[in-house]
1. Please verify whether the stretch 188-195 includes one or more residues that are touching a Ser or Thr at 6+ places or on another chain (Cβ under 7 Å), outside the structural domain of C435 (by TED's automatic domain parsing), more than 19 Å from A85 (Cα to Cα) and not charged (D, E, K, R).
2. Consider only pairs whose beta carbons are under 6 Å apart and that are at least six residues apart or on different chains; among these, list those whose first residue lies in the stretch 312-324 and is closer than 17 Å to Y21 by Cα and whose second residue is small (G, A, S) and in a helix (DSSP H, G or I).
3. Given the conditions (1) in the same structural domain as T56 (by TED's automatic domain parsing); (2) of a type outside the set (S, T, N, Q); (3) at pLDDT below 95, which single one is not true for I82?
4. Can you tell me which residue within the stretch 643-688, out of those that are of a type in the set (A, V, I, L, M), within 19 Å of I522 (Cβ to Cβ) and modelled with pLDDT under 75, is surrounded by the fewest Cβ atoms within 10 Å (Cβ to Cβ)?
5. For the stretch 309-410, which strands (runs of 3 or more DSSP E) that fit wholly inside it have 1 or more residues that are under 27 Å from the mean Cα position of the chain (by Cα), at pLDDT 90 or above and farther than 30 Å from S93 by Cβ?
6. With the structure loaded, tell me whether F476 is assigned to a helix (DSSP H, G or I), out of contact with any Gly (no Cβ under 9 Å at 6 or more places or on another chain) and modelled with pLDDT of 90 or more or whether it fails that test.
7. Go through L490, L482 for me and flag whichever is modelled with pLDDT of 90 or more, of a type in the set (A, V, I, L, M), at negative phi and surrounded by fewer than 23 Cβ atoms within 10 Å (Cβ to Cβ).
8. Quick one: would you say Y146 is among the aromatic types (F, W, Y), touching a residue at least 40 places away in the same chain (Cβ under 8 Å), touching a helix residue (DSSP H, G or I) at 6+ places or on another chain (Cβ under 8 Å) and not in a strand (DSSP E or B)?
Amino acid sequence: MIYAIEQINNSSLLPNVKIGYEIYDTCADVSKALKATLKLMSAYIHDDLGYDSNVTAVVGEQASQVSVAVAGLLTLPLMTQISFASTSESLSSRYKFPSFFRTVPSDKYQTEVIVQLVSRLNFAPVGIIGSEDEYGLYGAESLNEYFNQYNICVEFKEILPADFLSNNNFQEDLKKKLNLWKSEAIVVFTQSSYVEVILKTTIALGINRTWIASDAWATSRELLSLVNLKLSGRILGITCKSNKVPGFVEYMNQFVNQNSTGASFFQKLLLKYPFCPNEEQDCASFASNPINQSCVIKKCLMDFIEKYESYETYTVYMAVNIIAQALKILLQNTNSTRFPAWMLTEKIKYVNFSIDNTTYISLNEDGELNIGYDILEWKFENIRNISTIGEFGQNGLQLVAGVNPENYSKMVTQFNCYKSCLQGYELTSADIQCCQTCKPCAKNETSSGGRSRCHLTTSTNFLEWTNGFSIALAAFASTGLLVTLVCTVLFITHCHTPIARAAGGYLCFPALLSLLGCFISIFFFLGEPTDISCMSGLPLFGLSFTTCVSCILANQLRIFVGFTFKLKLAHWLKRVNKPLVIMIAFASAQVAVCVYWLVMRPPHRNIQDNIIGCEKGSTALFAAMLSYNALLCIICFLFSYMGRRLPELYKNGSFITVSMLIHLVVWIIFIPIYIQEYEIYERVIEASSILVSSYGILGCHFAPKCYIMIWKKELNNENKIVEHIQDHYRKKGITFEQ
């Protein structure tokens, strides 16, 4: 705080104005905090406006219960109070505490992060330990509510009494309960002094759990240094995101070589609170023997920085800067430096700035900053430290690369409480509260891996291969495959003929190959659905159909360019007339959609009401895939319409128009039927729509060409084609010179 004030006073932020400070030690005690608050408010007791008071804003307190008491008094003159660590939800009430602000988010957000972390790492069951104060009581209750919303079973919620630290009976009672509790993970939402007793007890008892720390102790170096801490189990923590205070380490380092009385504050602090575990004498001798200070004080300094370089360092720094920015706004609107405290409080609400171009500062409607959270893990290897394994922000809970949730929670806990079952088993309640076990499904039941319950297996719960619809669909798909293969052979043997070139030339082969993919996709809709078949059917059709239509579209553009006689338009079109590039470009967009679909939220097997089917995963991406195919068909349709005046034998426009309309009409009809959810027949409807679309292209685009190749060979002649084209344009009054 002192550093932040000196930095502001040495800047041009507040010209001709210096900020001062008074320091009161509340000892984290409510009564002492109230006494100090009354003292600094003495001017307001004698002067309603408070013009005689030098104090216009308060930074603190740390503990929520103390901040609540202080905020109640400071509300009377509407004096600004900015806490750097108090997170109790009760302080968010603007009605009760209109002049209270904070540079940390309330526990409402912290508890949500903890619950999401527990859910993500699949800890089950869980326990909650809170304390009988503003912080622990509200936090424990909020956690319990969120866990219920996420359907996470809470084995216990223990609230430690206010005199827990001084009452051995309460500590003995907790020891007995720790031996009885079976929770895999225990969230401890209380102050670090309470946590120290809990951890020391678990170490002594040999109790191994996953402990989840609230921000009150998530970065505690004292607790991290406890003897045999590793025996207590894994410790994860939640803390506000933080940055380094710009220039603070350099500011602290100036004391290393400073002999003047300017360093007396820091010297006295070291004398009173030695931070070197084994060097108290050396630190104490610093003041009397400054010649030997260089190495000793540097060691003490580094320990001091390590101890206090936590997120609270940054939140204190932000608090001072918010007051300074509000003061700047106020002084721009008044010529006097004498003003009542409520005027500064009003300006705090409009503060909007950034610190070092890294942290954007703007208080929300509850008067607090929400800059997100870091997810921490305590490491007990060679060197004890606290590392960041994830974060929570606008994009939700994100774990850093390399952090695997499965490493934190296995399929079964140490108390044989199961979280998921293998295929053929279901979860059922055990004798222990919040504990489940796996039991085999009955002979007429089935389940899939990770499912919580078995389902009846009947002959009608999926589209069996022996079903009449399955047989019909398989027959039509097989016929389509056979006809497509015959067409492919014909196009290979007649690839240099005019009709084959008119149909697209080399583009016919990827189009025919794609049609094969469309017909093959039908077989993924038949039989009992699996995750693989669900992931294959619709995406395979989407990619195949897009590729086929892209080939037809590229050929349509080629024909349109070839018969365009408007010189300016023809010149521009010929520059973009690259059929292969066009085909690849159009197909690539669908590839991106389908790959994103399969990676992010792929279709998967789903059992609902004894019906085994396929869940689409992302309905939005499924709709995007169909919409993109529809868009390509519409473009094809438009090209066919624009080329309606071209020679019919060459362009085959009417047939292409019909095939595109067939696809559009079929899938428009499919949408309302799909919404109705016809259970196992939903798969029949999907497969039928794919068959009709595929036969539409096969029958309208390729079949007429094959007919000419086999039974109208005389038309498959270049001279005949030229005569047909000349005759077409002669009828329109356009003549050709030989």
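The values are calculated or read from the model by the stated rules, or taken from the named source; none is laboratory data. Since the structure is predicted, the reported quantities are computational estimates derived from the model, not experimental observations. Positions of Cβ are backbone-derived with ideal geometry, glycine not excepted, and every protein chain shown enters the neighbour counts.
1. no
2. Once the first residue is closer than 17 Å to Y21 by Cα and sits in the stretch 312-324, its partners that are small (G, A, S) and in a helix (DSSP H, G or I) give Y317/A4; V320/A4.
3. Every condition holds for I82 apart from (3).
4. Pass one, the stretch 643-688, residues of a type in the set (A, V, I, L, M): 646, 649, 656, 658, 660-662, 664-666, 668-669, 671, 673, 675, 680, 684-685, 687.
Okay, now just the ones that are also within 19 Å of I522 (Cβ to Cβ), so 662, 666, 669, 673, 680, 684-685, 687.
Applying the additional criterion that residues be modelled with pLDDT under 75 yields 673, 680.
Working: I673: 15, I680: 17.
Residue satisfying both the conditions and the ranking: I673.
5. Values: elements: 353-355, 359-361, 373-379, 385-393, 396-399.
Result: 373-379, 385-393, 396-399.
6. Values: assigned to a helix (DSSP H, G or I): yes; out of contact with any Gly (no Cβ under 9 Å at 6 or more places or on another chain): yes; modelled with pLDDT of 90 or more: yes.
In short, yes.
7. On the way: L490 fails: modelled with pLDDT of 90 or more.
The conditions single out L482.
8. Numbers: among the aromatic types (F, W, Y): yes; touching a residue at least 40 places away in the same chain (Cβ under 8 Å): no; touching a helix residue (DSSP H, G or I) at 6+ places or on another chain (Cβ under 8 Å): yes; not in a strand (DSSP E or B): yes.
So Y146 does not fit the description; no.
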